[in-house]
Amino acid sequence: MVSRVIPVDPFDLVIFGGTGDLARRKILPGLFRRFLAGQMPGESRIIGAARSDMDDAAFRAMVHEAIKEFGGRESADEAHLRAFLNRLHYVSIDAKGDGGWAQLSGLMVEDRIRAFYFSVAPSLFGDLAERLHTFEIANKASRIVVEKPFGRDLETARALNATLAAHFDENQIYRIDHYLGKETVQNLMAVRFGNVLFEPLWNNHYVDHIQITVAETVGVGGRGAYYDKSGAMRDMVQNHLMQLLCLIAMEPPSQFNADSVRDEKLKVIRALQPMENHHIVRGQYDRGKDGQGYRNDVENDRSFTESFIAMKCHIANWRWAGVPFYLRTGKKMKARSSEIAVVFRDLGHSIFEGDEARHRNILSIRLQPNEGMDLQVTIKEPGPGGMRLVDVPLDMTFADALGPDAADVPDAYERLIMDVIRGNQTLFMRGDEVEAAWAWTDPIIKGWESRNDVPKLYEPGSAGPDDSLMLLHRDGRRWRDIKG
Ligand code: NAP
């Protein structure tokens with residue numbers, strides 16, 4: 001059980017789409033763990049809302065099953081699970097109709113934090129926002145949480161922002177990117193800005209290049225129809241990878257608060273140079289041994305959608321001029337692994353001879369598996385035989401350094417939901433950030449579409465198309481191994 005928890009005030013969390021996949025797999029099991037950690041004080045309630053006709057008892061039974069399936073080892077704690085389920089309620093509501101809203105309004109309690117999680121298709125966001133106001137359910141202190149995809153281009157993102165802005169102030173809108181809720185991602189900020197050691201080296205004088213890899217072993221699975229209209233660029237790069245890039249590249253904010261951090265991230269996105277086509281590799285996974293390729297999975301034998309992308313980006317500012325940021329993400333890769341690697345420059349002059357001179361410091365930040373960080377440093381290999389140098393990791397895996405409790409960190413969703421309740425937007429995307437990210441990615445995607453760009457095929461279980469290896473090879477560099 002997690003010991004270091006910050007108390008929160010009593011709250012009501014309404015989950016629109018409370019019967020959906022995301023609610024059952026992530027949100028509700030996450031809330032159960034927060035309940036166990038003592039973060040659902042007093043009379044706090046969770047209210048599921050969707051069109052399905054069911055009562056509280058049926059909703060509780062559904063959540064019980066979901067927690068048993070997705071809740072991990074904590075779900076064995078039947079007594080606490082029952083107590084948690086008693087905090088659950090359900091209202092049958094159609095976002096597009098007026099039925100059920102008066103009932104939801106009647107459930108609301110004065111002076112309690114109200115948060116509304118829009119775990120539904122974005123096409124329903126406007127209807128929900130409008131009815132929350134028409135039925136006087138939301139007030140100026142209420143918060144809404146919205147899920148990706150936040151638009152599919154700049155135009156649709158602007159329209160979505162405008163729809164929400166018609167009813168909610170920006171400081172009430174929590175655009176979730178669960179990558180920002182990961183422990184290691186926040187630790188990246190702690191390491192950068194809480195130590196004197198790294199920041200002086202965090203620039204083009206000392207950093208050779210940066211790699212960000214998010215590799216999955218799964219294919220598109222049951223999301224084929226959605227994914228085929230999206231692709232890796234929209235599904236992963238525009239949000240998750242760009243957010244990671246921002247945290248790595250941003251200037252130190254003057255304070256650790258929502259707007260200071262988000263102002264600095266926005267500057268990074270705006271400083272990204274427009275992409276050159278030969279700095280991008282698109283891939284699509286080929287048929288594997290099972291005969292299933294991407295096109296079979298999405299049931300579209302003429303699909304040109306990418307399931308892999310690698311790109312070399314540049315940030316045009318004083319700190320990063322000349323330092324390539326290599327980004328790569330793909331499905332059906334050789335291992336499930338997400339890592340940011342800061343590769344430092346070679347020594348200006350080495351006093352050691354031959355091969356012994358070619359060692360590099362690398363700071364590696366692992367998001368999954370085994371969240372943690374290590375810093376590769378060069379030392380002398382112990383024992384006789386002269387000055388033989390060897391690279392060893394200074395391992396900062398939390399569980400090893402801080403004891404077993406440290407490995408028991410909240411899942412990204414849990415942490416982010418609690419930030420919503422606390423009213424802390426630091427780890428959520430602001431509307432202008434999302435729009436700036438689309439403004440950068442739109443011309444790239446439109447270029448592919450206008451040229452009918454055909455992605456390169458790659459073998460399932462590989463590191464992506466060979467052209468991706470060449471992207472670094474041409475620069476005299478290589479990708480780090482994708483290790484699970
Ligand atoms: P889902 O399984 O299809 O669930 C959709 C939910 O919305 C259901 O509870 C559905 O219940 C409800 N719903 C549909 N139409 C409605 C209406 N008119 N009024 C009220 N409720 C309605 O979808 P999901 O996978 O949970 O995804 C939800 C959102 O999160 C989507 O925007 C998705 O892109 C995003 N997201 C999902 C994941 C994930 O892992 N699943 C990850 C990232 C982002 P009824 O049919 O009973 O109304």
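The values are calculated or read from the model by the stated rules, or taken from the named source; none is laboratory data. All values derive from a computational prediction rather than experimental measurement. Glycine gets a Cβ as well: all are built from the backbone with ideal geometry, and neighbour counts include every protein chain shown. With ligands, DNA and RNA removed, areas are computed over all heavy atoms of the protein, side chains included. Shrake-Rupley method; radii C 1.70, N 1.55, O 1.52, S 1.80 Å.
See the values below:
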| item | result |
| --- | --- |
| Cα-based equivalent ellipsoid, region 80-157: semi-axes from gyration tensor eigenvalues, Å | 24, 16, 13 |
| C-alpha center-to-center spacing [region 372-392, region 114-134] in angstrom | 56 |
| The chain - accessible surface per residue (Å², probe 1.4 Å) | 44 |
| Backbone HN-Hα couplings from phi across region 279-284 [Karplus 6.51/-1.76/1.60, Hz, Gly and Pro as x] | 9, 10, 10, 9, x, 9 |
| Loop sites in region 231-292: trypsin sites (Lys or Arg not before Pro), DSSP, at most 11 other Cβ within 10 Å | K289 |
| DSSP-loop chymotrypsin sites (Phe, Trp or Tyr not before Pro) across region 1-63, with at most 14 other Cβ within 10 angstrom | none |
| Three-way shape label, region 139-261, alpha-carbon gyration tensor, a/c 1.5 | oblate |
| Other-chain or far-sequence residues with amide H under 5 Å of G288's (modelled H) | G293 |
| The chain, accessible surface, carbon-and-sulfur percent (1.4 angstrom probe) | 51 |
| Share of pairwise Cα separations in region 180-473, more than 36 Å, in percent | 21 |
| Region 408-484: equivalent-ellipsoid semi-axes (sqrt of 5 x gyration tensor eigenvalues, Cα, Å) | 34, 22, 13 |
| Of K312/K456; K68/K332; K331/K456; K267/K456; K289/K446; K289/K483, those spanning more than 24 Å from alpha-carbon to alpha-carbon | K68/K332; K267/K456; K289/K446 |
| Bridge type composition, the chain - antiparallel percent by DSSP, nearest 5 | 55 |
| Signed unit charges on C-beta, dipole axis of region 288-374, positive-most listed residue Q368, F325, F308 | F308 |
| Under the Karplus curve 6.51 cos²θ - 1.76 cosθ + 1.60, θ = phi - 60°, whole-Hz ³J(HN,Hα) for region 35-48, x wherever Gly or Pro sits | 4, 4, 7, x, 9, 10, x, x, 8, 3, 9, 10, 10, x |
| Spatial separation of Cα centroids for region 164-201 and region 463-484, in angstrom | 29 |
